[in-house]
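The values are calculated or read from the model by the stated rules, or taken from the named source; none is laboratory data. Computed from a prediction, not measured in an experiment: that's the story for all the values here. Don't worry about glycine lacking a Cβ; one is built from the backbone with ideal geometry, like all the others, and counts go over all protein chains shown.
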Amino acid sequence: MGELAEDRGPTDVALLDETIPANLERAIDEFPDHEALVSLHQDIRWTYRQFGDHVRDIAKSLMHAGLQPGDRLGLWSPNYAEWTLVQYATAEIGVILVNINPAYRTHELEYALNQSGCKWLIAAPEFKGSDYVAMVAEIADRVPSLEKAVFFWTDEWNHLYEGDEYVSDDELNTRRDSLRPDDPINIQYTSGTTGFPKGATLTHRNILNNGYFVAELQGFNHGDRLCIPVPFYHCFGMVMGNLGCTSHAATMVIPCDAFDPAAVLKAVEEERCTALYGVPTMFIAELGLADFDSYDLSSLRTGVMAGSPCPVEVMKQCVDRMNMEDVTICYGMTETSPVSTQTLPDDSLHHRTATVGRAHPHVEVRIADPETGETMRRGETGEFCTRGYSVMQGYWNEPQKTHAAIDPDGWMH
C-alpha cells in the first residue's frame, strides 16, 4: 500500500482578509505615482493614483445609477484598459461583475445576461467583425432584467467618469466599508462540455487571494511589470493577471486587444516587462516569429504558462531564449478561483513540465475514486479534488449542479 494521494499547501503566509477595494487602496496609498496600467494598443498610461481616481469615479456613477450590492453587471469586451476600470469599479460598490466571452454569439450573450439577471451591460462597440451594438439591440427585449447598456468611448461611457459630481467620497466609502470578503463579486461562465455554461460565483476572498498567491509564488513586488496577452474575461487575465499585479502594486501591461505574438514581444521589450503570461500555443507563436531574435527580452524573469500541458521543448526555449528562468506552471479550474497547484521557480525543468506543481497556499488537493469518493493511493488514476478558500460559492442560481460539484465536506470535484 502506497501513500495516499493528497497534499496541502503551506500556510506560513496569511490569507488576505479584506475586499478587493481595500486591497487596491493599500497599493494606491503606498505607491501613488507608480505605474498601475499601461495599454500599448491604446496609448494609455495610468499611475496607481490615476487608476484609483478613474475606478472611484466610475464606481460613483454606478452608485448614482442605483446599482446595489449584489446586482449584476455584464462586461463584454476584449482586453482594453477600460475593462480593468469596470472590474475594480464594480468591486468597489459590491456589484457582481459578470464576465462575458468576447467570442459569444447573440444567443450565448442572451443566455448569460438572463441566467445571471444582469441589470447593466458595459461593452466594447465591436470586436473582430462582430457588431456588439447591433447584437445587444437585437436581444434587449428578451432580457427583462437589463435596464441599461453602455458602450466604451460613447458619450454615455464618458459621462461615467463624472461620478464625482453626484456621489461624495464619504458615500462611496460607506458603501465600500459595508462590503465583506465573503461577498460574491464575480460570475464566470464555464464552457460546459454538455449543455449550457454554468456561472461559477466567486467572492473577494476567492479571487483576491488566488491572484495574490499566484504572483507571490513568482516573487512579485512593486517593481514587476507583467505583460498580459491572455483574455481578461477569463480567470487567467483578470485574477492571475490584474489582481496578481494590484495586490503587489506591480504594473499591468496590455499589449493588444486580441493575441498578436509580435505585439507581445514588442511590449516586453519596450516596457521592460519582468513577467509574461500565456498558454503554450501563445509561447510557441512568439518563439516562432521570424524576427524573434531581434527583440530584447533580457528584462524577463518569470511568468505563468497554463491552460494545457506544456511541451518540454517549449519550456526549455522559454528559459533559454526568452530569459524566463523562473517561469511557472499553474493548474486549476474556474470553480477554484482558478489555481489549485503551481510549480515553483526553483523546481527542475522536469518537474515544471511533467507535473502541475504543488498544492497552492491554504489549499488542499487529493485524488479521489470517482465511484466511492475515497482518496486513492499515489500513482493511481482518479478525480482531482480541491478544498479551501479558493472553492467557489457555487453555480449562480443552480443549487443542484452546485451540490453535485461540491461535496458536503467542501471538496470541489
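Looking only at residues in the stretch 68-80 that are in contact with a helix residue (DSSP H, G or I) (Cβ under 6 Å, 6 or more places away or on another chain) and touching a residue at least 60 places away in the same chain (Cβ under 8 Å), which one is nearest to Val253 (Cα to Cα)? Among residues in the stretch 68-80 that are in contact with a helix residue (DSSP H, G or I) (Cβ under 6 Å, 6 or more places away or on another chain) and touching a residue at least 60 places away in the same chain (Cβ under 8 Å), the one nearest to Val253 (Cα to Cα) is Ser77. Taken over the stretch 273-306, the residue count meeting the criterion of being of a type in the set (Phe, Trp, Tyr) and part of a loop (DSSP other than H, G, I, E, B) is 1.
When Ile93 is tested against (1) under 25 Å from Ala134 (Cα atoms); (2) buried (at least 21 other Cβ atoms within 10 Å of the Cβ), exactly one condition is not met: (1). Scanning the stretch 344-359 for residues that are of a type in the set (Ser, Thr, Tyr) and either over 15 Å from Pro311 (Cβ atoms) or under 16 Å from the mean Cα position of the chain (by Cα) (or both) gives a single hit, Ser348. Output yes when any residue across the stretch 53-60 is more than 28 Å from Asn221 (Cβ to Cβ) and surrounded by fewer than 22 Cβ atoms within 10 Å (Cβ to Cβ), and no when none is. Taking every residue of the stretch 53-60 in turn, at least one turns out to be more than 28 Å from Asn221 (Cβ to Cβ) and surrounded by fewer than 22 Cβ atoms within 10 Å (Cβ to Cβ). Within the option set Glu286, Glu270, being buried (at least 23 other Cβ atoms within 10 Å of the Cβ) and either among the charged types (D, E, K, R) or modelled with pLDDT of 95 or more (or both) holds for one residue only, Glu286. Of all residues in the stretch 140-150, how many are more than 17 Å from Thr90 (Cβ to Cβ) and either of a type in the set (Lys, Arg) or buried (at least 17 other Cβ atoms within 10 Å of the Cβ) (or both)? Final tally of qualifying residues: 2. Scanning the stretch 215-231 for residues being over 13 Å from the mean Cα position of the chain (by Cα) and more than 17 Å from Gly307 (Cβ to Cβ) gives a total of 9. Of the residues making up the stretch 11-56, those that are within 22 Å of Ile254 (Cα to Cα) and in contact (Cβ under 8 Å) with a residue 40 or more places away in the chain number 18. You will find that of Leu40, Leu73, Leu113, Leu24, the residue that is buried (at least 22 other Cβ atoms within 10 Å of the Cβ), more than 18 Å from the chain's Cα centre (by Cα) and not β-branched (Val, Ile, Thr) is Leu113 and no other.
Is one or more of the residues making up the stretch 309-320 within 18 Å of Phe220 (Cβ to Cβ) and in a loop (DSSP other than H, G, I, E, B)? No, there is no match, as no residue in the stretch 309-320 is within 18 Å of Phe220 (Cβ to Cβ) and in a loop (DSSP other than H, G, I, E, B).
Of the residues making up the stretch 164-206, those that are touching a Lys or Arg at 6+ places or on another chain (Cβ under 8 Å), in a helix (DSSP H, G or I) and buried (at least 19 other Cβ atoms within 10 Å of the Cβ) are Leu172, His204. Taken over the stretch 157-182, the criterion of being polar (S, T, N, Q) and more than 21 Å from Trp83 (Cα to Cα) is satisfied by Ser168, Asn173, Thr174, Ser178. Can Ser168 be described as under 26 Å from the mean Cα position of the chain (by Cα) and either under 29 Å from Thr201 (Cβ atoms) or modelled with pLDDT of 95 or more (or both)? In short, no. Among the residues here, Ala275 qualifies as surrounded by 24 or more Cβ atoms within 10 Å (Cβ to Cβ), touching a residue at least 24 places away in the same chain (Cβ under 8 Å) and within 30 Å of Ala14 (Cβ to Cβ).
Trp411: in contact with a helix residue (DSSP H, G or I) (Cβ under 8 Å, 6 or more places away or on another chain), modelled with pLDDT of 95 or more and not β-branched (Val, Ile, Thr), yes or no? Here the answer is no, as Trp411 does not meet what is asked.
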